Amino acid sequence: MAADPILLPGDYLDPKVLPSHPSKALKLGPGLLHIPPNSIVSTVAGRLCTDNKKNAVWVEYNSGRYIPVVDDLVIATIHHSATDFYYASISDYSSNAILPNLSFEGASRKSRPQLAPGALVYARITLANKHMDLELECVSASTGKSDGLGPLTGGMVFSVSLAMARRLMLPKPGEQGQLVLLEELGAAGASFEIAVGRNGRVWVDSKSVKSTLAIGNMIQRTDQEGWMVEKQRIMAKRMAKEIS
Amino acid sequence: MPRELGPSLNERQFFLQALKEEVRIDSRGFGDFRAIQLDFGDEYGVSDVRIGKTRVLTNITAEVTTPFPDRPFDGPFTITTSLSAMASPSFSGPPSETEVLLARLLEKTLRRSGALDTESLCLIAGRAVFSIRADVHVLSHDGNLTDAACLGVVAALRHFRRGDSEVKGEDVKVFTMAEREGVALSLLHYPLCVTFSFYEGEVVLVDATLSEEQMREGSCTIGMNKHGEVCQIAKLGGAPVDAVILLSCSNLALRHVERMSKVMEERLLEDAKRRYKGGIKAEPSSENARVP
């Protein structure tokens, strides 16, 4: 990770850092622009990340505004309901997303979850086009299972930066994102539920108000104060002792 | 037009449950302020107040104008507030209710309590007076704008120096800072605001953050100076509040006003020390420094 180069807007990518895959075409992710015939320029300031298996390259950077992408998991707030849809909002000052009434696990015309305005749902984005309303779902279309998606009851929502939300959702946050906080908390005996939305929102629930707040504040401080792995370990242990 | 999302149902329930257990979301006490940071600019009359993530910049300017015909001895003192979209996207467009209320509250606290001695701004009766203008810019909005803005304006007024002036017959000459040392404004007292937020009829919070403000049932702003003289109480709508609670609020307000006044005094003193170049001894002289 330390070897990842830092890019500034307008920097040309060195062809040597690009992943080479025998068969797959190179995939450019966020923050990179292809200038034909064969140069790649970064459009933002950030850290260059590469994935050799997927033959992908992208720039990891922290931005203010969440731009929806298909298959992202987000925490949405129900705004109002219509006959067949809920209208849900995933970020301030953006148009509402559509969440069909029937896209919940086991939902039918007769039985479907009743959500009041202001309720939270953990949902997956199924359609994200520039000039169209977003579409969400809380059930996997192929299996019919919820896979953990659906209405979130109780708990508290904390806002974090978009980069932190991505780090929390990495498959191996410890190795890939220098984030061991949650694992350490779990190992130290703190029990809690957590749902991370790519739109920079983290939902936390635990047995008491105090522990929920402590966990949420710790995630926010890790983000804002840039705690390193060692500091995260120490703080997690200290807090787990306090709340258990 | 999509607007700012209020707190969700989960957040409301959690917040109220936390209040029952006497915990605030940012783990402060109910009667505690966030950390206050007060800075002054390089020029006189610029103050920068930070309360938590709320940030307010105030700039004081003076110019010579003709007074209003019905008040020939008074220099006009105006306070303008600007809530730009930089502070929060909800502020774009025409002046919102928040902006109007903020300006009104500042006027009520500072102008109507006679904090600034406007008669001292008179140069020639009916002909020339200094007009003082305070521009309040909200740079970042995380609740409790009133208290921050009020502290900012008072600190900036105390920090401000207007150009020295000389009246010869009908002519008024205002000297620049390079020609003559500036003159401080004559302030009669230093009123500050403390805002209280009410929840569930019983719970009173001081210095609410933005999300706490969005969830409150009512609020009340008390303006007073450090001697405990109440200048104004603004309770604009919202849930009814018991009179006894209001009394205890004003006692708490005094404690906070005393503390804020102390911070302001200390910071003004530090700034004055920073600007002090050694007085008359440091003035340029014709003597040769090498010869004793």
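Compared with its chain on its own, the stretch A:197-217 contains the following residues whose accessible area drops by 40 Å² or more in the full protein assembly (probe 1.4 Å; ligands, DNA and RNA excluded): A:VAL209, A:LEU213. Judged by the mean number of other Cβ atoms found within 10 Å, the most tightly packed of the peptides A:162-170, A:120-128 leads the ranking A:120-128, A:162-170.
Once you charge only the Cβ atoms, +1 for Lys and Arg and -1 for Asp and Glu, what is the size of the charge dipole of chain A about its Cα centre, to the nearest 20 debye? Show your work: numbers first, answer last.
Details: 26 positive and 23 negative charges, 62 e Å.
For chain A, the charge dipole is close to 300 debye.
Isolated cysteines of the protein assembly as shown, defined as having no other cysteine beta carbon under 4.7 Å away, are A:CYS49, A:CYS138, B:CYS122, B:CYS220, B:CYS231, B:CYS249. For the residues of B:20-27, the average number of beta carbons from a partner chain within 10 Å of their own beta carbon is 3.
I'd like the mean, over residues of A:151-157, of how many other protein chain beta carbons sit within 10 Å of each residue's own Cβ.
Values: counts 1, 3, 3, 4, 4, 9, 6.
Whole-number average of other-chain Cβ neighbours for A:151-157 is 4.
Go through B:LYS226/B:LYS281; A:LYS210/B:LYS262; B:LYS173/B:LYS226; B:LYS168/B:LYS273; B:LYS108/B:LYS226 and tell me which ones have a Cα-Cα distance over 28 Å in this structure. The answer is B:LYS226/B:LYS281; A:LYS210/B:LYS262; B:LYS173/B:LYS226; B:LYS168/B:LYS273. For the stretch B:121-128, putting each phi into the Karplus relation 6.51 cos²θ - 1.76 cosθ + 1.60 with θ = phi - 60° gives couplings of 8, 6, 9, 10, 4, x, 10, 9 Hz, in residue order, rounded to whole numbers and with x for Gly and Pro.
Suppose every Lys and Arg Cβ carries +1 and every Asp and Glu Cβ carries -1, with no other charges. What dipole size does chain B come out with about its Cα centre, to the nearest 20 debye? Provide the component values of the computation, followed by the final result.
Working: 35 positive and 42 negative charges, 90 e Å.
Rounded to the nearest 20 debye, it is 440 debye.
For the stretch B:14-83, the Cβ-based charge dipole about the Cα centre amounts to some 400 debye (Lys, Arg positive; Asp, Glu negative; other atoms uncharged). Each of B:GLU43 and A:LEU8 was given a label point 7 Å from its Cα along the Cα-to-Cβ line. The distance between the two points is 3.1 nm. Among the DSSP helices (H) of chain B, those spanning at least 30 angstrom by Cα along their long axis with an average Kyte-Doolittle hydropathy of -0.5 or more are B:243-275; this is a geometric and hydropathy rule only.
If packing is taken as the average count of other Cβ atoms within 10 Å, what order do A:191-199, B:163-171 fall into, highest mean first?
Numbers: A:191-199: 19.6, B:163-171: 11.2.
Per-residue Cβ counts within 10 Å, averaged per peptide and sorted highest first, yield A:191-199, B:163-171.
Summed over the residues of the protein assembly as shown and divided among them, the accessible surface reaches 53 Å² per residue at a probe radius of 1.4 Å.
How much length is gained if the chain between B:PHE68 and B:LEU269 is pulled fully straight, taking 0.36 nm per residue apart and subtracting their Cα-Cα distance, in nm to one decimal? Kindly include the intermediate steps, with their values, before the conclusion.
Details: separation 201, 0.36 × 201 = 72.36 nm, distance 3.56 nm.
Length gained, B:PHE68 through B:LEU269: 68.8 nm.
Of the residues A:HIS79, B:HIS141, A:HIS131, the one with the largest accessible area comes first in the ranking A:HIS131, A:HIS79, B:HIS141, computed with a 1.4 Å probe on protein heavy atoms.
What ranking, highest mean first, results for peptides A:110-116, A:82-88, B:277-283, B:267-273 when packing means the other Cβ atoms within 10 Å averaged over each residue? Write out the running numbers ahead of the final one.
Details: A:110-116: 11.6, A:82-88: 15.9, B:277-283: 7.4, B:267-273: 13.4.
In descending order of packing, they fall as A:82-88, B:267-273, A:110-116, B:277-283.
Ordering B:SER261, A:SER42, B:VAL206 by Cα displacement along the dipole of the protein assembly as shown toward the positive end leaves A:SER42 in first place; charges were set at the Cβ atoms of Lys, Arg (+1) and Asp, Glu (-1).
For the interface of B with A, what's the total buried accessible surface in square angstrom, probe 1.4 angstrom, rounded to the nearest hundred?
Details: alone 16170 and 13970 Å², together 28290 Å².
Buried area (both sides, nearest 100 Å²): 1900 Å².
For the peptide A:115-124, the mean number of other protein chain Cβ atoms found within 10 angstrom of a residue's Cβ is 2. Taking the protein heavy atoms of the stretch A:157-243 in the context of the full set of protein chains, the accessible area attributed to carbon and sulfur is 50 percent at 1.4 Å.
Have a look at the stretch A:90-105 and report residues whose accessible surface goes down by 50 Å² or more when the remaining protein chains are included, against the chain on its own, probe 1.4 Å, ligands and DNA/RNA excluded. Buried by the other chains: A:ASP92, A:TYR93.
The values are calculated or read from the model by the stated rules, or taken from the named source; none is laboratory data. Just so it is clear, the model here is predicted, and its values are computed rather than measured. Neighbour counts run over all protein chains shown; Cβ positions are idealised from the backbone, glycine included. Areas reflect the complete protein model, heavy atoms only, side chains present, ligands, DNA and RNA absent. Shrake-Rupley method; radii C 1.70, N 1.55, O 1.52, S 1.80 Å.
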